[in-house]
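> Structure below; questions to follow.
The values are calculated or read from the model by the stated rules, or taken from the named source; none is laboratory data. Since the model is a prediction, treat every value here as computed from it, not as a measurement. Ideal geometry is used to build each Cβ from the backbone, glycine not excepted, and the neighbour counts take in all protein chains shown. Accessible surface areas use protein heavy atoms only, side chains included; no ligands, DNA or RNA. Shrake-Rupley method; radii C 1.70, N 1.55, O 1.52, S 1.80 Å.
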Amino acid sequence: MQDFIDNLIRSWGHDPAAWPWTQFLYLAFMGAAAFIVVNFAAISAGIFSWAERRVAARMQSRVGPNRVGPFGFLQWVADAVKLLLKEDLVPAEADAVLFRAAPYFMMVGFACVFVCLPFSHKLIVADLNIGIFYILAVTALIVVGIIMSGWSSNSKWSLFGAIRSAAQIISYEIPAGMALMIPVLLAGTLSTQGIIRAQGGWPWQWFIFDNPAAFAAFFIYFISALAEGNRTPFDLPEAESELVSGYNTEYSGMRFSYFFLVEWGNMWVMSAIATTMFLGGWQLPGLSPARFDALTGGVAVIAEIASLALFAFKTLFFVFVVMWLRWTLPRIRVDQMMNMCWKYLVPASFAGALFVAAWMLLVHEAPWLGQAMRFALTAIAAVTVAAFALRTLKNLRDTGDKFDFTSNW
Amino acid sequence: MAEAVLFYLFAAGVLAGGSQVVLRRNPIYGAVSLVGCFFFLAGIYVLLSAHLIAILQVLVYAGAVMVLFVFVIMLLNLKEEELGELRFTFWKVVGLVAVLATAAVIAWRALGPAYPSTGPARDNAILLAAEGFGGVKAVGRTLYLAAVLPFELTSLLLLVAIVAAVVVAKGKI
């Protein structure tokens, strides 16, 4: 973004280094970027709340919210207005200061992530050279918010939810971090844009298909991200059947809506990280980053919009997968959750990192091996997806779709 | 100009957070203040263009503080009445004197000519900052080339601590 502002100042006929207003312009642009990004986060979280309910309804052969606006699309606006108008209750025995502060900690930890999340070839708030590391670090604030809310509510349900959440997130941070280190190893940089640039537009140039360990790392990351985001099958901190609603039991009104805003907004964050690290991000097939940079005029604008659309498509697909999992898998038990992390995911992610380091040395000696492995893994994935699609079509043909598409839309 | 404003902002945050850690009687508030203190400290590291250290600060200590939280809640979940009356003991006076003495020494050094704002040392620092000082590569090179022995010994120390924790926590293995 700094380059963009510098160029803007130069186009006005000033030297950015000497012009006295440069820093104020930086500040103004930072404020504008923060405003846009936080609104994007909030609005996408709202839309996901509607989408999740529609998807859930479809999977359970129900109708879902369909009254406000076309297909019930404006339901999230109605819900937000309702929550904002509700009374902001603080329980009498609660620790009022921490109780009030906790949602803001979560909101800050969530909003800070968007600084380093890319949206397209040029659209990113700040391309830090420690990008992905920064994202891992600031998300820790969310847990601080969760555990503060759980403790300060002075309620058993909230406290158990918070303790479970802390245990879960501290545990799953390790495999998630190690799995993300594998694309970092392959790209040789921590910057999110740098990692995307090290990949390519075609699937076989993505890091997920680079080698078997990277393929496994993608799934390790995805499982860990589900656990860190408290999503099913790891939604133990807010298990309704055991803990009422977990750490946010005592909250109401706007503060309650913050918790859910973070939970739904996190779906975009985890999917965007997966897209960035493993799935080629905004890279367009057949257009290398160097040639992308060189484009000018109308073609550059079209390519930019195409890259934005491609990134959004990949990310939204994984948002859908997260919803899909929620309505497919049952919640696992606490001990199973811990076993899965410490006995399987942690050793697997460490072994994967070692394997990738060795693999990179090997490929450096024999480049054809790397190419062959990429094509083989892509072919295996393509065959699996095709088999899955055929199987689904066959099931649909055999049983028929019982959903009533004609009424109540 | 902007840097100076940010520095005083972050420094005030560190001092406020740090003093709250010591002065608050409720350990939960102490832990929350510690989080704030670490975040402001990370801000100061960023101003010193030590970006990697700033992020490590947040990453490592925010996790550590979370564990601290859990310990505080599970081991000494204190109510206000259990904390007892505020007492004024000899050791608190000693602590106060130590704090004031340390602050005085630092202020004396900082206000004195120890850190010149011009000259070769400063020029060298600016040159280093331009070459990616404080980034992943620079810290990594220093850590794995110049300071590899202390680094490996530290990791060995951590391994000993982990083994000890397992032995203490699990009597029969």
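> What is the Cα centroid distance between the stretch A:66-104 and the stretch B:17-67, reported in whole angstrom?
Taking the Cα centre of each part, the stretch A:66-104 and the stretch B:17-67 sit 30 Å apart.
> Additional query: Compare the peptides A:360-367, A:375-382 by average per-residue count of other Cβ atoms within 10 angstrom and give them in order, highest first.
On the way: A:360-367: 11.2, A:375-382: 14.8.
By packing density, highest mean first, the sequence is A:375-382, A:360-367.
> A further question follows. Averaged across the residues of A:206-217, what count of C-beta atoms belonging to other chains lies within 10 Å of each residue's C-beta? If you can, show how the numbers build up before the last one.
Numbers: counts 0, 0, 0, 0, 0, 0, 0, 0, 0, 0, 0, 0.
Counting other chains' Cβ atoms within 10 Å and averaging over A:206-217 gives 0.
> Sort B:15-25, A:318-328 by packing, meaning the average of other beta carbons within 10 Å per residue, with the highest value first.
Details: B:15-25: 13.9, A:318-328: 17.5.
Put in order of decreasing packing, that is A:318-328, B:15-25.
> Continuing with the same structure: Dimensions of the stretch A:62-120 along principal axes (Cα, Å, largest first)?
Principal-axis extents of the Cα atoms in the stretch A:62-120, largest first: 42, 39, 21 Å.
> Sort A:40-50, A:146-156 by packing, meaning the average of other beta carbons within 10 Å per residue, with the highest value first.
Details: A:40-50: 20.3, A:146-156: 24.9.
Put in order of decreasing packing, that is A:146-156, A:40-50.
> Can you compute the charge dipole magnitude of the protein assembly as shown about its Cα centre, using +1 on each Lys and Arg Cβ and -1 on each Asp and Glu Cβ, nothing else charged? Give it in debye, rounded to the nearest 20.
Working: 37 positive and 34 negative charges, 177 e Å.
Here the protein assembly as shown has a charge dipole of around 840 debye.
> Would you kindly find the accessible area of A:Lys122, with a 1.4 Å probe and non-protein molecules such as ligands, DNA and RNA excluded, rounding to the nearest 10 Å²?
We get 140 Å² for A:Lys122.
> Could you tell me how far the Cα centroid of the stretch A:299-326 sits from the Cα centroid of the stretch A:156-205, in Å?
Going from one Cα centre to the other spans 19 Å.
> Could I get the Rg over Rh figure for chain A? Both from C-alpha atoms, Rh via Kirkwood, rounded to two places.
Working: Rg = 22.8 Å, Rh = 23.2 Å.
Expressed as Rg/Rh, it is 0.98.
> Hey, another quick one. Across peptide A:136-143, what mean number of C-beta atoms from other chains lies inside 10 Å of a residue's C-beta? Write down the numbers at each step before the final one.
Working: counts 3, 11, 5, 2, 10, 4, 1, 5.
Average per residue, whole number: 5.
> May I ask which of A:Lys86/A:Lys156; A:Lys343/A:Lys394; A:Lys122/A:Lys314 have a Cα-Cα span longer than 28 Å here? Please report the intermediate quantities before stating the final value.
Details: A:Lys86/A:Lys156 24 Å; A:Lys343/A:Lys394 37 Å; A:Lys122/A:Lys314 17 Å.
Over 28 Å apart, Cα to Cα: A:Lys343/A:Lys394.
> Per DSSP H run of n ≥ 4, the term is -39500 (n - 2.57); total these for the protein assembly as shown, divide by its residue number, and report the mean residue ellipticity at 222 nm rounded to 500 deg cm²/dmol.
Working: 23 runs with 407 residues, N = 582.
About -23500 deg cm²/dmol.
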